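Report on one structure; see the data block that follows.
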Amino acid sequence: MRMAFVAVCLCTAMGMVAPAFAEPQSGTVTWEKWAFEWEVYGNQSLVLSDVKYDGEAVLSKASLPVIRVKYEREWPWYHPYSWFGIGRSNGRCGPFQDRITWKHLVPVPGCGDKVCTRSYMVSGVKWLEIGVYARIGEYHLYHAWYLSELGEIRPVLQSRGLSCNTTHQHHPYWRLDFGVAGEDRDQVFEYTDGTTDEGWGAGWHKYTNEVNAVKDPPKHRRWFVRDSQTGHGLWVLPGDGYPPLMSDGVPQSGFSELDMGVRRYNSEEDTGWIFGARGDLGYLNGEGIQEKDVVFWYTAHLPHDAAMGPAAWLAVGPVLKVQR
């Protein structure tokens, strides 16, 4: 299902003035069956934590540590112009690692606050939106979480702007820390049409160690993370894209080469993004993840054709569905 409201949220006029009082950088939300904490934390954008649906834990923490950007034309890494983002008149710039912090935020158009919370109906279903609007250089970035009364979460990144008049891709990396029951008992499964039965049913494969993987749209690949004792969990489904995009994109060879990664939770790895603009997701140490506290990374790939100009909003993001 395509969410028509996503692109609508930022179609109002710009030029809002920030309130004179200091806005809170954290808070608590209880809405319909959902309850969670939120915070604009470090350089991890708008973070949700202790997320519960109908009184049951769904996510321990959900964040967006980085948006990597790769231009078709760039300066070599050793050229000083690469470090300071100059020389853009000839179309060369990047790559970049955009990390949203509180200082990047401006009031959300049509809302007035730097952290905007609002609800509405879409096709008869109630939705809650909580989002932040960031300005980083020439980029306008709207990062939001959309939660439905029926148990769906849609992390969405919207972007517009050109640092150089050159085609490029934005690669947002969402980090989903499960710890569903607060104990080491998460299980991660991959489902792919047409694969053999390994003991979990046709098409199902259980991950036993840390892994990276890519989407397989013709075979409807998707993932399911569950609590080993209750069987309750969360589907992670590749997004269908938001018009004019038709999907969450494809990995970019030599730069952002994965769609997802599963890692065993380690507190020292929960420090934001440490791999730079040119480094892809690390922490792949081969650790066992069976019945452990796991972290699921999901990466989308947002293509921006320079011919579209700097004013076109584009959006990507996965679909998360609660399973009970």
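The values are calculated or read from the model by the stated rules, or taken from the named source; none is laboratory data. Fair warning: this is a prediction, and the values are worked out from it, not measured in the lab. Neighbour counts are summed over all protein chains in view; Cβ atoms, including those assigned to glycine, are modelled from backbone coordinates with ideal geometry. Just so you know, the surface numbers come from the protein's heavy atoms only, side chains and all, with ligands and any DNA or RNA stripped out. Shrake-Rupley method; radii C 1.70, N 1.55, O 1.52, S 1.80 Å.
If you average the sequence gap of Cα pairs under 8 Å that are 6 or more apart and divide by the length of the chain, what percent do you get for the contact order?
Relative CO of the chain lands at 19 percent.
Between region 150-206 and region 247-313, what is the C-alpha centre distance in whole Å?
What the calculation gives is 10 Å, centre to centre.
Heavy atoms only, probe 1.4 Å: what % of the accessible area of region 178-244 goes to carbon and sulfur, would you let me know? Don't jump to the answer; show the numbers that get you there.
Details: 1540 of 3110 Å².
Carbon with sulfur: 50 percent of the solvent-accessible area.
log₁₀ I(q)/I(0) of region 259-318 at q = 0.19, 0.23, 0.25 Å⁻¹, via Debye over equal Cα point scatterers, no solvent, to two decimals?
Once normalised to I(0) and log-transformed, intensities are -0.84, -1.05, -1.15.
Any chance you could list the semi-axes, whole Å, largest first, of the equivalent ellipsoid that the Cα gyration tensor gives for region 237-288, using √(5λ)? If you can, show how the numbers build up before the last one.
Values: eigenvalues 130, 40, 25 Å².
Its equivalent ellipsoid spans semi-axes of 25, 14, 11 Å.
Computed over the Cα atoms of region 220-324, what is the ratio Rg over Rh, Rh following Kirkwood?
On the Cα set of region 220-324, Rg over Rh gives 1.01.
Accessible surface of ARG99 in the full protein assembly, 1.4 angstrom probe, to the nearest 10 Å²?
70 Å²
Looking only at HIS220, HIS104, HIS143, which one moves most when the chain is put into a Gaussian network model with springs between Cα atoms under 10 Å?
HIS220
What ratio of Cα Rg to 2.2 N^0.38 Å holds for the chain?
So the chain has a normalised radius of gyration of 0.98.
For the cross-link pairs LYS61/LYS126; LYS219/LYS321; LYS52/LYS292; LYS52/LYS126; LYS61/LYS292; LYS114/LYS321, which exceed 25 Å when the distance is taken from alpha carbon to alpha carbon?
The pairs that break the limit, which is 25 Å between Cα atoms, are LYS114/LYS321.
Over all Cα pairs of region 162-265, how is the pair count split among 5 Å bins, expressed in % and running from 0 up to the last occupied bin?
The percentages, shortest bin first, are 2, 10, 18, 21, 19, 13, 8, 4, 2, 1, 0.
Compare the Cα positions of GLY231, LEU162, ILE130 along the charge dipole of region 124-255 (+1 at Cβ of Lys, Arg; -1 at Cβ of Asp, Glu; about the Cα centre) and return the one farthest towards the positive end.
Final value for the positive-end residue is LEU162.
Under the rule of -39500 (n - 2.57) per DSSP H run of 4 or more residues, summed and divided by the residues of the chain, what mean residue ellipticity at 222 nm is obtained, to the nearest 500 deg cm²/dmol?
Numbers: 2 runs with 9 residues, N = 324.
Rounded to the nearest 500, it is -500 deg cm²/dmol.
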